[in-house]
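To start, the structure under review is shown below, and the notes come after it.
Every number here is computed from the coordinates shown, using simple stated rules; none is lab data. Everything numeric in this text was worked out from a predicted model, so none of it was measured. Quick reminder, even Gly has a Cβ in these numbers, built from the backbone with ideal geometry, and neighbours come from all protein chains shown.
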Amino acid sequence: MSVVIEQPKSPRSRKAANWEKYGWMYMRASGAILLILIFGHLYVNLFVGQGIKGIDFAFVAGKWANPFWKVWDGLMLWLALIHGTNGMRTIANDYAERPMVRKVLNYTLWIVCAALIILGTLVITTFDPCIDPNASTYLPGVCAVK
Amino acid sequence: MANSPAVLEASATPVIEEVPSFNVTLFVRRYNPEDGREPYWQDFDVTVHGTDRVLDALHKIKWELDGSLTFRRSCAHGVCGSDAMRINGRNRLACKTLIKDLNINEPIYVEPIKGLEVEKDLVVDMNPFYQAYRDVQPFLIASDKPAKERLQSPEDRARFDDTTKCILCAACTTSCPVFWTDGQYFGPAAIVNAHRFIFDSRDEAAEVRIDILNDKEGVWRCRTTFNCTEACPRGIQVTKAIMEVKQAILRGRR
């Protein structure tokens, strides 16, 4: 005869659902994409053509005339800021021992992150190469004389 | 080797060399909750042999110098996992650490493992550690109740062989900087013991344990610092086991 032994302990009560798994996956995926984006960015800005001497307002305006670079820079902005902020969040969680300190740090991090993303996205999407009154001198085909 | 057959034949009664002895200084972290003093370092000079382990030195102190010194030990042979302590800044079993392997020209520092509340001298409150262990349901869960043993192929057994070696000494969990923060993290030992059942082909509750460890304080708090792997006196590849549990969570199954 076999003895019936019921499960000695009922399952642990579930804590609230959390995003930690997706955070972990995001860090790896965004990290891999950022490697390409950032080194591509550095290569195009610092090595191609005149290199670092070529960077000025016209250089950026020229890049952003092409939707490809707008998407590139926009992706880099979003991925890098969320990646960095999530990394800072884990550091805050690891080092802040008091719950209140942890909460304040985390809220501050995400508010700063959101502000930077909104500002950056605004710049990329609403960029006007002719904002400079002298723009017609170095972008003659694009901007009219003001 | 010195004891070659020729030498043994020459001397009818083999001479056993005397084990060399030497003096060492031990700095032991003392704490007595009843005397109202903050924890402090106390030094002891003892004469030990080349075959002695740190546990033997602690015994010598307790039996000959200061009977109030308090520490845990049971088997004294690295199996029971009672005497994990921080020796010269590293978590080790006092019964497996030969004194001659440490730098005997400098004092040897012995303190309780970190991250758990010290009760007295080298004794800490292990309950939070055991609670995390209990929470991963470290027992076989199977719906069938066979009259004979459950058979398993050697390959299936080998899958989780490494994590069966755990002796619950807490050397890994108390070497983990994430555990030191607030003690909420499940800790390497609990995850190792969950791994032992998650990857056991006879067990049917892998999903349950995966769900438990997909917690805010579960495997995702691991920063792969490898402190646990380095601390494990049984040589378990702890960080690897944690990564395998992470992979299992991503797959949603074993």
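Figures for the structure shown
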{"read-out": "Span per principal axis, largest first, for the Cα atoms of the protein assembly as shown (Å)", "value": "109, 64, 61"}
{"read-out": "Flagged links, alpha-carbon separation over 23 Å, of B:Lys145/B:Lys216; A:Lys21/A:Lys103; A:Lys103/B:Lys246", "value": "B:Lys145/B:Lys216; A:Lys103/B:Lys246"}
{"read-out": "Span-like helix ranges in chain A, DSSP H, alpha carbon extent 24 angstrom or more, Kyte mean at least -0.5", "value": "A:20-46, A:67-95, A:99-125"}
{"read-out": "Most to least packed among A:79-86, B:233-240, B:103-110 [average Cβ atoms within 10 Å]", "value": "B:233-240, A:79-86, B:103-110"}
{"read-out": "10 Å Cβ neighbours from other chains, averaged over peptide A:22-31", "value": "1"}
{"read-out": "Estimated dipole of segment B:127-251 in Debye, rounded to 20 [Cβ of Lys and Arg +1, of Asp and Glu -1, Cα centre]", "value": "140"}
{"read-out": "Partnerless Cys - chain A, beta-carbon criterion under 4.7 Å", "value": "A:Cys113"}
{"read-out": "Prolate/oblate/rounded call for segment B:69-122, Cα gyration tensor, a/c under 1.5 rounded", "value": "oblate"}
{"read-out": "Set of lysines near A:Lys63 by C-alpha distance (under 27 Å), chain-local residues within fewer than 8 positions excluded", "value": "A:Lys53, A:Lys146"}
{"read-out": "Net charge dipole size for the protein assembly as shown [Lys, Arg +1 and Asp, Glu -1 on Cβ; Debye, nearest 20]", "value": "1440"}
{"read-out": "Charge dipole magnitude, Cβ of K and R +1, D and E -1 - chain A, Cα centre, debye nearest 20", "value": "580"}
{"read-out": "Cβ-Cβ FRET estimate between A:Val44 and A:Val104, R0 fixed at 30 Å, reported to 0.05", "value": "0.15"}
{"read-out": "Estimated FRET transfer efficiency (B:Gln247, B:Glu204; beta-carbon r; R0 22 Å; 0.05)", "value": "0.65"}
{"read-out": "Prolate/oblate/rounded label for chain B (Cα gyration tensor, a/c 1.5)", "value": "oblate"}
{"read-out": "Selection from B:Ile167, B:Ser21, B:Ile61, by position along the positive dipole direction of chain B (Cβ)", "value": "B:Ile167"}
{"read-out": "Distance from segment B:17-61 to segment B:223-250 (C-alpha centre basis), Å", "value": "32"}
{"read-out": "Helix-derived mean residue ellipticity, 222 nm - over the protein assembly as shown, DSSP H n ≥ 4, -39500 (n - 2.57), to 500", "value": "-13000 deg cm²/dmol"}
{"read-out": "Averaged over B:214-222, number of beta-carbon atoms from partner chains that fall within 10 Å", "value": "5"}
{"read-out": "Under the Karplus curve 6.51 cos²θ - 1.76 cosθ + 1.60, θ = phi - 60°, whole-Hz ³J(HN,Hα) for segment B:39-52, x wherever Gly or Pro sits", "value": "x, 9, 8, 10, 9, 10, 9, 10, 9, 10, 9, x, 8, 7"}
{"read-out": "Cα Rg, Dmax (largest Cα-Cα span) when computed across segment A:36-138, Å", "value": "17.9, 58"}
{"read-out": "In segment B:21-124, lysine pairs with alpha-carbon atoms under 22 angstrom apart (chain gap of 8 or more, or interchain)", "value": "7"}
{"read-out": "Global geometry of segment B:190-254, whether rounded, prolate or oblate, following the gyration tensor of its Cα atoms and the 1.5 cut on a/c", "value": "oblate"}
{"read-out": "For residues of A:88-98, the mean tally of beta carbons on other chains within 10 Å", "value": "3"}
